[in-house]
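The structure appears below as structure tokens.
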Amino acid sequence: MTGSLAYIPPKIWTKPSGASGSLNRPIAGPTHEKELPFGRHPLQLYSQGTPNGQKITIMLEELLALGHGGAEYDAWLIDIGAGDQFGSGFVGVNPNSKIPALLDRSEQKAIRIFESGSILLYLAEKFGAFLSNDAVGRTETLNWLFWQVGSAPYLGGGFGHFYAYAPIKIEYAINRFAMEMKRQLDVLDRCLAEREYIAGGNYTIADIAIFPWYGSLAKGAHYGAAEFLSVQDYKNVQRWADAILARPAVERGCMVNRTSGDPSEQLRERHDASDFHFKTQRQITGERA
């Protein structure tokens, strides 16, 4: 860029007033004292229904669908717009102040697990599900799990920010991240041309991790960017996303801790499997959800 729009970085950076939203700051740690609530189940999830949060609620609902009663959980809403992630209790579970965070209280000493990829791996190993014991299958699944963990910031923090949220549309930034988004969709499309699911013939934590970001993007759920990115061109990703969407556990998982979109698709907190039934009954009878 040239002329008056050019930005010259200062010798020492300091946060400008109001930069990147009032909640963002260049230091870690809590901003206020607030204890976390606890429910009756061993697994306590503190989250919001963003793509990263949906990974965990989908996983837990899939485990329950397989009959793993130990996967019963309480899902507490952490309102990131209100700064709940900076409460002292939440920071104690996740010092990085990002959702989701999980407490496993089934052990003598509670185990904290943070970062969505780590939580998926922990649950897969704890319950022996959605992750092969075979070295080849396990490694391929983890390849794609960590691909998602490394790639998603380009989608959310990069493309999503500059395309949908930045106060100024910067052509260079949008082109840079749109190019990377299309490359990543092509990576997935080529992979899925040769196999039913991401890591092979079986549904795994790789699919659970990737779907809320790239599957939802392919189905037009993120940033109003479906046409801009020509997502319909990725036929194999579309086929895969449709198959994942058809799973009842995925439908339930996408509802939990959700605070935006169609109210009929939101279950702000989940403390029992019957919560889904009660919500449906309220909708049928016309009561407020």
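Please treat every number below as a calculation from the coordinates, not as lab data. Note that this is a predicted model, so its numbers are computed, not measured. Note that each Cβ is placed from the backbone with ideal geometry, even for glycine, and that neighbours are counted across all protein chains shown.
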Would you be so kind as to identify all helices of the chain, as entire DSSP H runs, whose Cα atoms reach 18 Å or more along the helix's own axis and whose mean Kyte-Doolittle hydropathy is at least 0.0? 51-65, 135-153
Within the chain, the percent of DSSP beta bridges that are antiparallel, given to the nearest 5, stands at 60 percent
Can you give the extra length, in nm with one decimal, that the chain gains between R25 and A65 once fully stretched, where that is 0.36 nm per residue apart less the Cα-Cα distance? 10.4 nm
Treat every Asp and Glu Cβ in segment 135-247 as -1 and every Lys and Arg Cβ as +1, leave all other atoms uncharged, and give the resulting dipole magnitude about the Cα centre to the nearest 20 debye. 100 debye
Hey, what's the per residue convex hull volume over the C-alpha atoms of the chain, in cubic angstrom? 170 Å³
Between S118 and S106, what length in nm is gained on full extension when 0.36 nm per residue of separation is reduced by their alpha carbon distance? 2.5 nm
Of F130, G215, A164, which is farthest towards the positive pole of the chain's charge dipole, taken about the Cα centre with +1 and -1 on the beta-carbons of Lys, Arg and Asp, Glu respectively? A164
Where in segment 1-97 are there trypsin sites (Lys or Arg not before Pro) that are in a DSSP coil and have at most 12 other Cβ atoms within 10 angstrom of their Cβ? K11, R40
When the charge dipole of the chain is computed with +1 on Lys and Arg Cβ and -1 on Asp and Glu Cβ about the Cα centre, the Cα farthest towards its positive end, among I80, T31, S97, belongs to T31
Determine the alpha carbon to alpha carbon distance for each of K169/K235; K98/K219; K55/K126; K34/K55; K15/K98 and list only those over 24 Å. K169/K235; K98/K219; K34/K55
CD proxy, 222 nm, the chain: helix-only mean residue ellipticity via -39,500 (n - 2.57) per DSSP H run with n ≥ 4, per residue, nearest 500, stands at -12000 deg cm²/dmol
Connecting every pair of Cα atoms under 10 Å apart in the chain and solving the GNM, the largest mean-square fluctuation among T204, T139, T50 falls on T139
Chymotrypsin sites (Phe, Trp or Tyr not before Pro), loop per DSSP, at most 14 other Cβ atoms within 10 Å - longest free stretch of the chain: 39-227
When E180, E62 are ordered from fewest to most other Cβ atoms inside 10 Å of their Cβ, what list results? E180, E62
Loop only per DSSP, at most 14 neighbouring Cβ atoms within 10 Å: give me the trypsin sites (Lys or Arg not before Pro) in segment 129-210, ordered by residue number. K169, R195
What order do you get for H222, H161 when you list them from fewest to most C-beta neighbours inside 10 Å? H161, H222
Quick one: among A82, A193, A225, which has the greatest mean-square fluctuation in a GNM of the chain with alpha-carbon springs under 10 angstrom? A82
Footprinting proxy, E140, E196, E33: sorted fewest to most Cβ within 10 Å, the residues are E33, E196, E140
Using +1 on the beta carbon of Lys and Arg, -1 on that of Asp and Glu, and nothing else charged, what's the dipole of the chain about the Cα centre, debye to 20? 660 debye
Suppose R0 equals 25 Å. What FRET efficiency, 1/(1 + (r/R0)^6) with r the Cβ-Cβ distance, do E194 and Q232 give to the nearest 0.05? 0.75
Compute a Gaussian network model of the chain, connecting alpha carbons closer than 10 Å, and tell me which residue from I111, I12, I168 fluctuates the most. I12
